[in-house]
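The values are calculated or read from the model by the stated rules, or taken from the named source; none is laboratory data. Everything quoted here is computed from the prediction, not taken from an experiment. Here the Cβ positions follow ideal geometry from the backbone for every residue, glycine too, while neighbour counts run over all protein chains shown.
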Amino acid sequence: MQQEKLLALFGELSLEEKIGELFQVPPFFFDGGNATGPAEEMGICSEDIRVAGSCLSLIGAQKLAQVQKLHMENHPHHIPMLFMADIINGYRTVFPIPLAQGCTFDPDMTEKCAAIAARESAASGIHVTFSPMVDLVRDARWGRVMESTGEDPYLNGLMAAAMVRGYQGQDREHIGRGKVAACVKHFAGYGAPDGGRDYNTVELSERTLRQDYLPGYQAAIDAGAALVMTSFNTLDRVPSSANAWLMRQVLRKEMGFDGVLISDWAAIQELIAHGIAEDALQAASLAMNAGVDIDMATPVYIKNLKALVESGRVSEALIDEAALRVLMLKNKLGLFENPYKDASEADEQSILMCESHREAARSCAEKTFVLLKNEEALLPLNPEETVAFIGPYVDSRFISGAWSIFGDDDSCVTLREGVKCMVPGARAVFAPGCTLIDPGVEIVGFQKNPPRETLDPETALAEAVRLASTADKVVLVLGEPRDYSGECASRSELTLPKCQMKLLEQVCEVNPKVCVVLFNGRPLDLRQVSEAAQAVLEAWLPGTEGGSALARVLYGLESPSGKLSMSMPYCVGQVPVYYNHMRTGRPLLGDYRTTKFCSQYLDIPNEPLYPFGYGLSYTSFAYSGVTLDRASLHKGETLRASIRVTNTGTRTGTETVQLYIQDVAGSVTRPVRELKGFRKLTLAPGESGQVTFDITEQMLRFYTISGDYASEPGTFRIFIGPDSRAEQQAQFTLT
């Protein structure tokens, strides 16, 4: 629709219709346009639903087409509804969780995954996905780390922009066929809750917020994201959905976001529980004045905004501003010309989990696996060896992550199935199944059908140990139940269940050649696992084709190339732990056990067990020294840092070469080092390749003591290597 026609339509709308555009109906409140029992309990009537602007989590081409048709017939001006849903890491075809995708260091792969998710969900009638989540994560206790791409601002920004491009396409003016609108979340600072406890208070200095947390959101906005979602948490003791400074000054004016701002589920109503609103009327006033356009899943806006306008507490101009943004989003999606957009039962039949999509899911999963340990080259497995596959996740189909709510668990490939399909001649034997979930922890979440035990735990344990004793090698498949991570899945311990550790201990006693494969949605305390097993492979929650991908990597059909996007802590006592921490006046330079009066623990090291960027391959790589093409850098110039990498092993492998920079002295304390670039390099045995990074003055900017985002003259150190502990270095001067 032309802008003139859209404005003319907008001019015809009543105040009630405009407010309706700001009301999002939950799926269980919508039934053919009529109020249902639960809707009546909340005070929502058929007139409210008649003018509702959007609906949450309804899916299916046929169903949504029916709902849209009836809604437009009932709406006074026949305005179509927006359908939104959480399409986080795939729709029917489920890809690895975002934290795992971060381990690929491959934005192009993530863009491809998002494009497939968009194509599938669009065919089922969805217009908007609540993704990407770009919250910076440093505390593994927080369950939603699984939904982020990790602890580094630079990597998060690249991945966020890639997801937006994948969902929306390259056209900034229109969101075309097979595409959906992206919603960046959660603004802002949601990934830093006190104690790692979901929905909790966030305490960040403005400098830390701007330097570390905002860049990811900015990258997604710069890529053209159509929506932003407010976060549940407080920031500077103000809940985000009522934070006018954060939304109007920072998000709108400074970051240049001009799209739709939507609350998280019931976040506006929760302003009452936060203690800054006495009632729903005040909550609506605070949120609207702060600039929140859509109220998700509550009647706060639909029941209170008209009274607020009439009393003068909310300007009608703010209602107009918000409602027009919603209509402009509908126009960008082409809904006025085609209110059903891409909803198609035929497309659902042909593309959902089609072969090419499953192949992409498998390829992505292969690149997310991180080889943490591989003593005596235990991996890859040889098909001629007798390998015993043991553990609670050998036959599990619950490997898609807690947010894969529209995926089909029955279509997930188990590890057993993957081995039999991908390596048909392998001499693999499989222990009887057993859930081995810690009985001391009750799972409350979305898991639909927990796997049933085929044997009682003690019998299964004995049989597993017997089988291990007869095999050449053991693949022990352990991990967390998927609902131990995700929303409201914070944990005080990061260890595996005790029953699984008992299994590990007893298996290693009869056969030391053990590879532990891990299915989990967050970094874990792996000290005992790493000490006991000869090999450790982190598989995360790999999605639909997880078993196939894992079989191919275990047997060497593909080599692992993943690098940790989030540090694996030594233990929970370290968290939050991250590589780019600030320097301190008393850094620990020696052994914590023999050093005193430094920033340290008495009983554990400061460093994580496995740091950000870490990951082994089935081959080995050697790095030369770093060479610079000049010793100083001036504004407007480019300095080039080069290093030579050689495959010193016997197999072809892919290495992610990482560039880190340290500002030696700044007007405020600066991180020990920061990721500023990376390159992927595939080398045959004995082959060498040169990697060159361009360094500019813009890469050296930060928020200075005066609050300006600028660089400062001085000395900088460059580190290039395989992970965040990179040792090869050089230095230059910025003048």
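Can you name the residue in region 205-222 that is without any contact (Cβ under 8 Å) to a residue 40 or more places away in the chain and closer than 21 Å to residue 711 by Cβ and is also surrounded by the fewest Cβ atoms within 10 Å (Cβ to Cβ) among such residues?
Looking at residues that are without any contact (Cβ under 8 Å) to a residue 40 or more places away in the chain and closer than 21 Å to residue 711 by Cβ, I get 205.
Taking residue 370 and the conditions (1) touching a strand residue (DSSP E or B) at 6+ places or on another chain (Cβ under 6 Å); (2) over 30 Å from residue 680 (Cα atoms); (3) not aromatic (Phe, Trp, Tyr), which numbered condition does it fall short on, given that it satisfies the others?
Only one criterion in (1) touching a strand residue (DSSP E or B) at 6+ places or on another chain (Cβ under 6 Å); (2) over 30 Å from residue 680 (Cα atoms); (3) not aromatic (Phe, Trp, Tyr) is unmet by residue 370, namely (2).
Give just the number: which of (1) surrounded by fewer than 21 Cβ atoms within 10 Å (Cβ to Cβ); (2) in contact with a Leu (Cβ under 7 Å, 6 or more places away or on another chain); (3) of a type in the set (Ser, Thr, Tyr) does residue 315 not satisfy?
Unmet for residue 315, out of (1) surrounded by fewer than 21 Cβ atoms within 10 Å (Cβ to Cβ); (2) in contact with a Leu (Cβ under 7 Å, 6 or more places away or on another chain); (3) of a type in the set (Ser, Thr, Tyr): (2).
Restricting to region 133-174, name every residue that is surrounded by fewer than 24 Cβ atoms within 10 Å (Cβ to Cβ) and closer than 19 Å to residue 119 by Cα.
Of everything in region 133-174, those that are surrounded by fewer than 24 Cβ atoms within 10 Å (Cβ to Cβ) and closer than 19 Å to residue 119 by Cα turn out to be 165, 169, 170, 171, 172, 173, 174.
Please go through region 678-689 and pick out each residue that is in contact (Cβ under 8 Å) with a residue 40 or more places away in the chain and in contact with a Leu (Cβ under 9 Å, 6 or more places away or on another chain).
Answer for region 678-689, where residues must be in contact (Cβ under 8 Å) with a residue 40 or more places away in the chain and in contact with a Leu (Cβ under 9 Å, 6 or more places away or on another chain): 678, 689.
Identify, from the list 67, 94, the residue that is within 30 Å of residue 484 (Cα to Cα), out of contact with any Pro (no Cβ under 7 Å at 6 or more places or on another chain) and crowded, with 17+ Cβ neighbours inside 10 Å.
Going through 67, 94 in turn, the sole match is 94.
With the requirement that a residue be hydrophobic (A, V, I, L, M, F, W, C), within 21 Å of residue 677 (Cα to Cα) and surrounded by fewer than 16 Cβ atoms within 10 Å (Cβ to Cβ), what does region 595-640 give you?
Passing the criteria: 622, 631.
Can you go through 350, 356 and tell me which one is among the hydroxyl-bearing types (Ser, Thr, Tyr), surrounded by fewer than 23 Cβ atoms within 10 Å (Cβ to Cβ) and under 25 Å from the mean Cα position of the chain (by Cα)?
356
Filter region 689-724 down to residues that are within 11 Å of residue 660 (Cβ to Cβ) and among the charged types (D, E, K, R) and give me whichever is nearest to the chain's Cα centre (by Cα).
Out of the qualifying residues, it is 723.
For every residue, the table says whether it meets (1) in a helix (DSSP H, G or I); (2) within 28 Å of residue 671 (Cα to Cα); (3) modelled with pLDDT under 95; (4) in the same structural domain as residue 114 (by TED's automatic domain parsing).
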| site | (1), (2), (3), (4) |
| --- | --- |
| 195 | yes, yes, no, yes |
| 200 | no, yes, no, yes |
| 211 | yes, yes, no, yes |
| 216 | yes, yes, no, yes |
| 225 | no, no, no, yes |
| 229 | no, no, no, yes |
| 250 | yes, yes, no, yes |
| 258 | no, no, no, yes |
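Within region 621-663, which strands (runs of 3 or more DSSP E) (wholly inside it) include 1 or more residues that are in the same structural domain as residue 730 (by TED's automatic domain parsing) and over 19 Å from residue 721 (Cα atoms)?
638-647
In the list 276, 221, which residue meets the criterion of being under 30 Å from residue 115 (Cβ atoms), modelled with pLDDT of 95 or more and β-branched (Val, Ile, Thr)?
221
Restricting to region 50-71, and then to whatever is more than 33 Å from the chain's Cα centre (by Cα) and of a type in the set (A, V, I, L, M, F, W, C), can you tell me which residue is farthest from residue 322 (Cα to Cα)?
Filtering region 50-71 for residues that are more than 33 Å from the chain's Cα centre (by Cα) and of a type in the set (A, V, I, L, M, F, W, C), the one farthest from residue 322 (Cα to Cα) comes out as 70.
Return only the number of the condition from (1) of a type outside the set (S, T, N, Q); (2) more than 30 Å from residue 430 (Cβ to Cβ); (3) buried (at least 21 other Cβ atoms within 10 Å of the Cβ) that residue 568 does not satisfy.
Here residue 568 clears every test but (2).
For region 373-406, what are the residues that are buried (at least 24 other Cβ atoms within 10 Å of the Cβ) and closer than 25 Å to residue 88 by Cβ?
Within region 373-406, 392, 393, 396, 399, 400, 401, 402, 403, 404 meet the criteria.
So which of 139, 171, 152 is without any contact (Cβ under 8 Å) to a residue 40 or more places away in the chain, in the same structural domain as residue 241 (by TED's automatic domain parsing) and on the phi < 0 side of the Ramachandran plot?
The match here is 171.
So for region 569-587 (the condition being outside any loop (DSSP other than H, G, I, E, B) and closer than 18 Å to residue 719 by Cα), does at least one residue qualify?
Yes, the conditions are met somewhere in region 569-587.
Report yes if some residue within region 703-712 is surrounded by fewer than 16 Cβ atoms within 10 Å (Cβ to Cβ), acidic (Asp, Glu) and outside any strand (DSSP E or B); otherwise report no.
yes
Return yes when residue 108 is among the acidic types (Asp, Glu), closer than 29 Å to residue 608 by Cβ and without any contact (Cβ under 8 Å) to a residue 60 or more places away in the chain and no when it is not.
Answer is yes for this residue.
When region 370-400 is examined, which residues are found to be assigned to a loop (DSSP other than H, G, I, E, B), among the acidic types (Asp, Glu) and either closer than 14 Å to residue 533 by Cα or in contact with a helix residue (DSSP H, G or I) (Cβ under 8 Å, 6 or more places away or on another chain) (or both)?
Selection gives 395 alone.
Report yes if some residue within region 450-472 is modelled with pLDDT under 95 and within 26 Å of residue 145 (Cα to Cα); otherwise report no.
The answer is yes; a qualifying residue exists.
Considering region 574-592 alone, what residues qualify as being within 24 Å of the chain's Cα centre (by Cα) and either assigned by TED's automatic domain parsing to the domain that holds residue 673 or not polar (S, T, N, Q) (or both)?
If the condition is that a residue be within 24 Å of the chain's Cα centre (by Cα) and either assigned by TED's automatic domain parsing to the domain that holds residue 673 or not polar (S, T, N, Q) (or both), then 575, 576, 577, 578, 579, 581 are the ones that fit.
What are the pairs, 6+ residues apart or on separate chains, where a residue within region 311-323 that is part of a helix (DSSP H, G or I) has its Cβ under 6 Å from a residue that is basic (Lys, Arg)?
Sorted first by the residue in region 311-323, then by its partner, the pairs are 319/18; 323/18.
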